[in-house]
Amino acid sequence: MSTEIDSALALTESQARALFEKEFVPHMDAMYNFALRLTNDEDDAHDLVQDTCMRAFRFIGSFEPGTYAKAWLFRILKNNFINDYRKKSRGPSKVEFEWVEQSFAGDDDPEPAFQADLQAETVNEMLGDEITSAIQALPVDFRMIIILCDLEEFSYEEMAKILNIPIGTVRSRLHRARALLKETLANYAAKKGYKTDMLSA
Amino acid sequence: MIDVQNTMKTNCSHQPDCLKLIQRILDKEATAEEEARFLANKDHCLPCKKGHELELALRKALKSKCTTSCPSGLLDSIRSKISSILLFILLLIPLFCWFI
């Protein structure tokens, strides 16, 4: 509470409220959606967004108008998720361990072993929950980068700052995340009878 | 009329690199020259054309299937917490001034 007071004392009450409405509120849908995809739970997403806003509000007095509030808020949300919410989960999936092992193998930009032969027409015909299921099935680091890039349209530089990783890692992680997403969708499509040969890259 | 599909390359020896370029173009991270070169060649290479269509379809599907709005109650709850903090500060300032 004392930090909130220190920071907010720098602003008048109306200034703090106006800054919140102008800089935080327009990004609330995007923040909630990101939190929901990360936690997979509406209550956890609710708490995560609320905690993120309160943490950001502590520093509202030092926020510089004109800087990109959305990237700043997403960075706080991501850190909040990693530090508090991820610990509550049952731990990373088996797939996540496999990708982590590959990441530590020493290759900065490993190529995916293959690209699934998925067609645009097949994706367009997926009218059910295949897309959301495939996203939720991804290891959380891959899920995070696909949402930041493809849904929220952050630049590679912004994603590097949000995720606290080098730009080269942003590129390679995105490439591998998309390959895995396509592979997952190709598997769903195969179960529904579409043609899904795996081709060597 | 020439059948464009039949004049296309059906194999691309640079497919992994082309896929990375397609993704960088759609991510708005490629240079204008790279984008112009790709678009000029896209209709002559079937794997690149299909790859471009697939990447576009994936982005479109993600945007239509994976977006959720923030519940209105959440915003109200955050506004209420912020009001409490601001009220606390308003009460604290006179107290602080009185002390000094």
query = Does the stretch B:22-42 contain any residue that is under 17 Å from A:Ala177 (Cβ atoms), modelled with pLDDT of 90 or more and more than 9 Å from chain A (Cβ to nearest Cβ)?
reply = yes
ask   = Which ranges mark the helices (runs of 4 or more DSSP H) fully within the stretch A:1-94 that have 1 or more residues being at pLDDT 90 or above and surrounded by 17 or more Cβ atoms within 10 Å (Cβ to Cβ)?
value = A:28-39, A:42-58, A:69-80
Failed item in (1) assigned to a helix (DSSP H, G or I); (2) more than 8 Å from chain A (Cβ to nearest Cβ), with B:Lys50 passing the rest = (2)
request  = Kindly indicate whether B:Ile82 is farther than 30 Å from A:Arg171 by Cβ, within 11 Å of chain A (Cβ to nearest Cβ) and at pLDDT 85 or above.
outcome  = yes
request  = Identify all residues within the stretch B:60-79 that are under 20 Å from A:Leu185 (Cα atoms) and crowded, with 18+ Cβ neighbours inside 10 Å; write none if there are none.
outcome  = B:Ala61, B:Leu62, B:Cys66
request  = For B:Leu87, indicate whether it is modelled with pLDDT under 90, part of a helix (DSSP H, G or I) and either surrounded by fewer than 16 Cβ atoms within 10 Å (Cβ to Cβ) or more than 8 Å from chain A (Cβ to nearest Cβ) (or both).
outcome  = yes
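Results for (1) surrounded by fewer than 17 Cβ atoms within 10 Å (Cβ to Cβ); (2) of a type in the set (Val, Ile, Thr); (3) facing chain B (nearest Cβ under 9 Å); (4) farther than 16 Å from B:Cys66 by Cα, shown as yes or no for each residue.
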{"position": "A:Leu138", "(1), (2), (3), (4)": "no, no, no, no"}
{"position": "A:Phe142", "(1), (2), (3), (4)": "no, no, no, no"}
{"position": "A:Ile146", "(1), (2), (3), (4)": "no, yes, yes, no"}
{"position": "A:Leu151", "(1), (2), (3), (4)": "no, no, yes, no"}
{"position": "A:Glu158", "(1), (2), (3), (4)": "no, no, no, yes"}
{"position": "A:Ile167", "(1), (2), (3), (4)": "yes, yes, no, yes"}
{"position": "A:Arg176", "(1), (2), (3), (4)": "no, no, no, yes"}
{"position": "A:Lys192", "(1), (2), (3), (4)": "yes, no, no, yes"}
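The values are calculated or read from the model by the stated rules, or taken from the named source; none is laboratory data. Source: prediction; values computed, not measured. Ideal geometry is used to build each Cβ from the backbone, glycine not excepted, and the neighbour counts take in all protein chains shown.
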